[in-house]
1. Rounded to the nearest 0.05, what FRET efficiency is calculated for residue 95 and residue 34 with R0 set to 25 Å and r the Cβ-Cβ distance?
2. Only counting other Cβ atoms within 10 Å, I'd like 10, 52 sorted with the fewest neighbours first.
3. Evaluate the relative contact order of the range 4-120 (contact order divided by residue number), counting alpha-carbon pairs under 8 angstrom at least 6 apart; express in whole percent.
4. What does the net charge come to around residue 26 if you take all other residues with beta carbon closer than 12 Å to its beta carbon, with K and R at +1 and D and E at -1?
5. Under a 5 Å amide H to amide H cut-off, with H placed in plane at 1.01 Å, what residues pair with residue 10 once short-range neighbours are removed?
6. Can you tell me the length gained on complete extension of the stretch residue 106 to residue 18, counting 0.36 nm per residue apart and subtracting the Cα distance?
7. Based on the Cβ-Cβ distance of residue 2 and residue 27, what FRET efficiency does E = 1/(1 + (r/R0)^6) give at R0 = 22 Å, to the nearest 0.05?
8. Which of 36, 98 has the fewest other C-beta atoms within 10 Å, and how do the rest follow up to the most?
Amino acid sequence: MTDKRVVLVTCGSEEEASRIARSLVGERLAACVNILDSPVRSVYRWKGRIETAMEHLLVIKTRRARLRALEAAVKRLHSYQTPEIIALPVAEGSREYLTWLEECVRPERKTLPRSVRRRARGRPVPRNRS
C-alpha cells in the first residue's frame, strides 16, 4: 500500500470542474486532475428527496498528507453545500509515476537569504566593512 490517493469530486458544471482542477494543481494539492468531459448522471438522496443531476467528475491524484488541505480547498471553491469528496487508496503504481506525483504535491520551500540560512546553522554572518 502507498500513501497516494485518488480523490473523486463531482461538480455541477464544466467551468466549476476546470476552476477547481486548476486551483488544486496550482496550490500543489494535486499532481493531476482528470476531468471527465461527458457528464455523469448522479442519483442521490438530498433533504429527504431522491434527486437526479448531470455532474462533471474530477479524478484527483494526491498524497494522504495533503488530503485535509485538498478537502478544505474543494469546500472553499465548490458551489455545493456538501460536495462529494471521497479518497481511495492507491495500492500500487509505477514507481516513476508515484515519484512524479510525490514531487508535484510537495510544498514548495521558500528560499531564505544566505545570511538567514547561516544564522540558522549557528554560523556567524560577516559584516560589511565600510
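Every number here is computed from the coordinates shown, using simple stated rules; none is lab data. Just so it is clear, the model here is predicted, and its values are computed rather than measured. Glycine also receives a Cβ, built like all others from the backbone with ideal geometry; neighbour counts cover every protein chain displayed.
1. 0.75
2. Neighbour counts put them in this order, fewest first: 52, 10.
3. Values: 170 pairs, mean separation 43.2, N = 117.
Contact order relative to length: 37 percent.
4. Working: positive: 19, 22, 28; negative: 27, 108.
Combined, the nearby Lys, Arg, Asp and Glu give +1.
5. Here the answer is 58, 84, since their amide H atoms fall under 5 Å of that of residue 10.
6. Taking residue 106 through residue 18 to full extension adds about 29.5 nm, to one decimal.
7. The pair residue 2/residue 27 has a calculated efficiency of 0.50.
8. Ordered by Cβ neighbours within 10 Å, fewest first: 36, 98.
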